[in-house]
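Below is one structure, written out as structure tokens; comments come after it.
Read-outs throughout are calculated quantities, based only on the coordinates presented, and are distinct from any laboratory measurement. Treat the numbers as computed from the prediction; the structure is a model and nothing was measured. Note: ideal-geometry Cβ built from the backbone for every residue, glycine included; neighbour counts use all protein chains shown.
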Amino acid sequence: MPQSDTVSLARELLTTAWLLLPLVAGALVHGLCMKHGWLAWLARPIDGEARWRGRPIFGRSKTLRGLVCVAAGTAAGFALERALLARVDTLPPLAPTESMSWWLGAAAGAAAELSELPNSFVKRRLGIPPGATARGALAVVFYVWDQVDLLLGYWLVLALEVPVTPTRVVISVVLVGAVHPLSTICGYLLGMRPTAR
């Protein structure tokens, strides 16, 4: 691979990681709220415990608190990154500074959380409880889906302000596929999640 291509790929890797980092902040805020019982009045299922054909629509693990916390934490992450890029001249232009607004972060975090709902809906239809795994070939399908479902909503919102390239999407799938399982296990061990999945 030519050196210019290597440098370009490295820049795309750093830019994509920089764009995804606020989502980690969103997950951290949600995890802390679950661990300490903060905003407990929002810990209600998004589906209002409604049922369809005898089964929950999404289940009790998809809550209003998750939606609010991930949106707020991601918004804070975007605002912090924007402030950092604006004040530290030695940082490379990893992403368009003017695009790193708190409102974009809030919308992207909320969209990421909401894009997990179709996965939950399908699992409930198949009788798979929250936190449980499917069996056989479906286990692989749902494992992959669990790792990357949030990216769909996240990138759809980011596309309003940030160039979304195939390279960035592929890099984000690889990064989230590697980091998401580890962060989930860490969250469980730290008491921030009810399950290690």
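Before moving on, here are some points about what is shown:
- Close pairs (9 angstrom Cβ cut-off, 6 or more residues apart or separate chains): touching a residue at least 24 places away in the same chain (Cβ under 8 Å) in region 134-147, part of a helix (DSSP H, G or I) and of a type in the set (Ser, Thr, Tyr) anywhere: Asp146/Thr184
- Identity of the residue in region 7-39, touching a residue at least 12 places away in the same chain (Cβ under 8 Å) and small (Gly, Ala, Ser), that ends up surrounded by the most Cβ atoms within 10 Å (Cβ to Cβ): Gly26
- Within this structure, Ile171 fails the test of being buried (at least 17 other Cβ atoms within 10 Å of the Cβ) and out of contact with any Asp or Glu (no Cβ under 7 Å at 6 or more places or on another chain).
- Any hit, region 43-53, residues being in contact with a strand residue (DSSP E or B) (Cβ under 8 Å, 6 or more places away or on another chain), surrounded by 19 or more Cβ atoms within 10 Å (Cβ to Cβ), in contact (Cβ under 8 Å) with a residue 60 or more places away in the chain and within 26 Å of Lys123 (Cα to Cα): yes
- Qualifying position, being in contact with a Phe, Trp or Tyr (Cβ under 7 Å, 6 or more places away or on another chain), touching a residue at least 12 places away in the same chain (Cβ under 8 Å) and among the hydrophobic types (A, V, I, L, M, F, W, C), among Leu175, Leu117: Leu117
- Among residues of region 179-197 being part of a helix (DSSP H, G or I) and in contact with a Lys or Arg (Cβ under 7 Å, 6 or more places away or on another chain), the one that is nearest to Ile128 (Cα to Cα) is Thr184.
- Exactly one residue among Ala95, Ala83 is assigned to a helix (DSSP H, G or I), of a type in the set (A, V, I, L, M, F, W, C) and farther than 30 Å from Gly131 by Cβ, and that residue is Ala83.
- Scanning region 54-71 for residues that are part of a loop (DSSP other than H, G, I, E, B) and either touching a residue at least 40 places away in the same chain (Cβ under 8 Å) or in contact with a His (Cβ under 7 Å, 6 or more places away or on another chain) (or both) yields a count of 6.
- Candidates Leu151, Leu104, Leu160, Leu84 - the one that is under 24 Å from Val29 (Cα atoms), surrounded by fewer than 18 Cβ atoms within 10 Å (Cβ to Cβ) and of a type in the set (A, V, I, L, M, F, W, C): Leu84
- As a summary of the residue check, Ala132 satisfies the conditions (1) exposed (fewer than 14 other Cβ atoms within 10 Å of the Cβ); (2) assigned to a loop (DSSP other than H, G, I, E, B); (3) of a type in the set (A, V, I, L, M, F, W, C); (4) under 18 Å from the mean Cα position of the chain (by Cα) except for the one numbered (4).
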